[in-house]
1. Run the dipole for the protein assembly as shown about the Cα centre, Lys and Arg Cβ at +1, Asp and Glu Cβ at -1, nothing else charged, and hand back the magnitude in debye, nearest 20.
2. Under 5 Å between amide H atoms, partner at least 5 residues away or on a different chain: which partners does B:Leu344 have, H built in plane at 1.01 Å?
3. Helix A:2-21 versus the longest principal axis of chain A: what is the Cα-based angle in degrees, 0 to 90, to the nearest 10?
4. Once you list every other residue whose beta carbon is under 14 Å from the beta carbon of B:His276, what net charge do they have if Lys and Arg are +1 and Asp and Glu are -1?
5. Give a quick list of trypsin sites (Lys or Arg not before Pro) in the range A:291-334 that DSSP marks as loop, anything other than H, G, I, E or B, with at most 15 other Cβ atoms within 10 Å.
6. In nm, one decimal, shortest first: how far is the label point of B:Asp165 (7 Å from Cα along Cα to beta carbon) from the matching points in the other copies?
7. Let me know the whole percent of all Cα-Cα pairs from the range B:169-284 that are separated by more than 22 Å.
8. Counting Lys +1, Arg +1, Asp -1, Glu -1, what net charge surrounds A:Arg84 among other residues with beta carbon under 15 Å of its beta carbon?
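Each value in this text was obtained by applying a stated rule to the coordinates, not by laboratory testing. None of these values were measured; they are calculated from a predicted model. Because the Cβ atoms are built from the backbone with ideal geometry, glycine has one as well, and the counts that use them run over all protein chains shown.
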Number of protein chains: 2
Amino acid sequence: VPARSGILAAAQDFLEQYAREVPAAPDPAARLRAVRAEIDRTGSYTHTPDELAFGARVAWRNAARCIGRLYWNSLIVRDLRQFRHPDDIADQCFEHLRLATNGGRLRPVVSVFAPDAPRLLNEQLVRYADDPRVARTAELARAHGWKGGEGPFEVLPLLVQRTPDTAPECYELPDDAVLEVPLTHPRHPGFGSLGLRWYAVPAVSDMTLEIGGVRYPTAPFNGWYMGTEIGSRNLADADRYDRLAAVAELFGLDTAHPRTLWKDRALVELNLAVLHSFAEAGVTMADHHTESQRFLAHIEREARHGRPVPTDWSWIVPPLSSGSTAVFHRYYDAPDEALRPAFLRRADPWS
Amino acid sequence: VPARSGILAAAQDFLEQYAREVPAAPDPAARLRAVRAEIDRTGSYTHTPDELAFGARVAWRNAARCIGRLYWNSLIVRDLRQFRHPDDIADQCFEHLRLATNGGRLRPVVSVFAPDAPRLLNEQLVRYADDPRVARTAELARAHGWKGGEGPFEVLPLLVQRTPDTAPECYELPDDAVLEVPLTHPRHPGFGSLGLRWYAVPAVSDMTLEIGGVRYPTAPFNGWYMGTEIGSRNLADADRYDRLAAVAELFGLDTAHPRTLWKDRALVELNLAVLHSFAEAGVTMADHHTESQRFLAHIEREARHGRPVPTDWSWIVPPLSSGSTAVFHRYYDAPDEALRPAFLRRADPWS
Ligand code: HEM
Ligand code: HEM
């Protein structure tokens, strides 16, 4: 069957890469024979925990849109393939958040559930119900019994679905799993009155991890935030929280014409509040200048290993003062859609 | 000969496009017969003034990196194919600047010299000798007798070269051809002490205009500035004037760490000074928010004519507060290297 020869070829590519990059890896020929036998018998195969960890790390390394890849090799990989019950999926996601949060010293973590485990319907493990971006998820939660989501910045419950046709289960996130930071400004005491806040751990839960031909659709991962993601996009975008006008008003800016650069100034104040507040709260966060420098260090380090760094310029270059970041002024190795292992976008959790 | 059939095919494409888009164009079949005869006889052919004007305008419309294309159809096209002497080339370039400057109400203009006219060795008609970007041109000018360029912001002479092997002629730009704007800040009276200034008319002189298979290597064109080109790039880039630290010092910013966002704040002040000073001086300039809106209007208008708008995202999106401009949040028709008429980058003026 083409599907089987597809997975076998992908498995072979992956096992060869693993053997090439990891000197301690067992003999790839023997391992490939075992994998072929398992595919013949069952249609798929089971990664060893070491293969899984290597595969997840390389998937991060291959993420052409990610500026944070310098630390790809220290990703904490949780092998959670034994869990099948939605209650356990939810519990393990909460535990993921606790591990990743680590009292504020954030750690990059991925939790890999079995290929046929229930699916997460959330875009990220933590999202706010009044964020326009997740309006449909919030509706879905309410349709399945969730009572919250009336006020600002209420954390959405986790929605876990067993099969495409069953109703999702709703799980409120426990308080001790969600660290949040209320936003204040280092110089404007009135900033707090805007009532802005954001959560500490960005944990993407709507991508499929593919390793050696095996797809893991439930594999939430997190790094830490680069400040601009919150200050220049989540809180600023017109189709997200859209708070630039409110910030401008607080700072008394002249909003009569775009050429007063009130938006540009409000963005700086908002981004400064984000960086300041996370620092005060002791929560890991990088500014876009520093993260840009790290990314170039990553490229240099990869070059020493003879590896290209496929990169999507328009995603890597930060949305604030882009021309003044180190990553703006150069070209990169082109992204390669076919590169694996990878975290893949998908139309929906079951596609 | 392949070259002849190449130019003939390109001529045919162009003349058909011209007839399609311009209802008043003469019968394309008859025109193509004449063009074919001229190519057979001479190896090339001569555009009518109307063809030249149409071709130059469409070359602008096709410029995938240009955000300013809304006004492509009102480009002033100067047909200067009769001039061959370097003195005349220089004089006509000065006249170009006067026409484009128009007392501050800038007009988009292109000056098209004959395909075999002398070449301009300058990147733009106006450039400053202490701009690191044109260090080699400044050296060349000095090697050919230019005595200036010791102080800050001295305008480079025009360098006109008859053949690849002859020495270029140097022409100082007359004062009445170069409008400049000293930079001040709307709220910081000390800003003027930084001694910053910029010229009004960005006139690119190092690209080849190609229309219907005919190449015009001497065809300087100008629009007006978008403020960020000066405030976020020319005066800010580390390998250009690199003045962010000076601006930060003037405003008393804390430059101890990138996370204070001192660069981001200095950029806003510098960009504001640029927009403010040009407005005060009555010189046309667009801010990046407004120019972004215009570009989206351009796309809509082109769509009504059934035309795609090939666009290079990474060039179109402004380098300041990119996430808050209207052009950031979408995809575009892909650029097409083969699209003609076009302004083309080249390795050197004679290649
Ligand atoms: C360690 C700190 C990290 C930082 C600062 C960081 C930063 C970023 C940023 C700024 C983006 C663009 C997001 C957007 O514009 O929506 C991004 C995208 C991405 N990152 Fe990272 N990242 C980090 C860790 C990770 C980890 C641990 C993984 C996976 C194991 C990862 C995988 C990805 C992927 C797959 C994307 C593309 C997402 C998409 O297509 O929507 N990143 N990252
Ligand atoms: C009318 C106002 C105009 C504005 C505001 C404008 C704006 C811009 C900007 C911001 C860029 C990017 C420059 C850079 O980052 O280096 C650009 C590039 C370009 N523009 Fe325009 N432009 C205007 C008029 C024109 C005209 C009149 C032409 C030709 C007739 C033109 C042709 C081009 C081309 C060919 C490029 C690419 C240059 C390159 O590859 O280096 N533009 N424009």
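1. 860 debye
2. B:Thr208, B:Leu209, B:Glu210
3. Relative to chain A, helix A:2-21 is tipped by roughly 80 degrees.
4. On the way: positive: A:Arg259, A:Arg265, B:Arg187, B:Arg197; negative: A:Asp254, A:Asp264, B:Glu269, B:Glu280, B:Asp287.
Counting the neighbours of B:His276, the net charge comes to -1.
5. A:Arg330
6. 8.4
7. Every Cα pair in the range B:169-284 considered, those over 22 Å come to 44 percent.
8. Computed value for this residue: -3.
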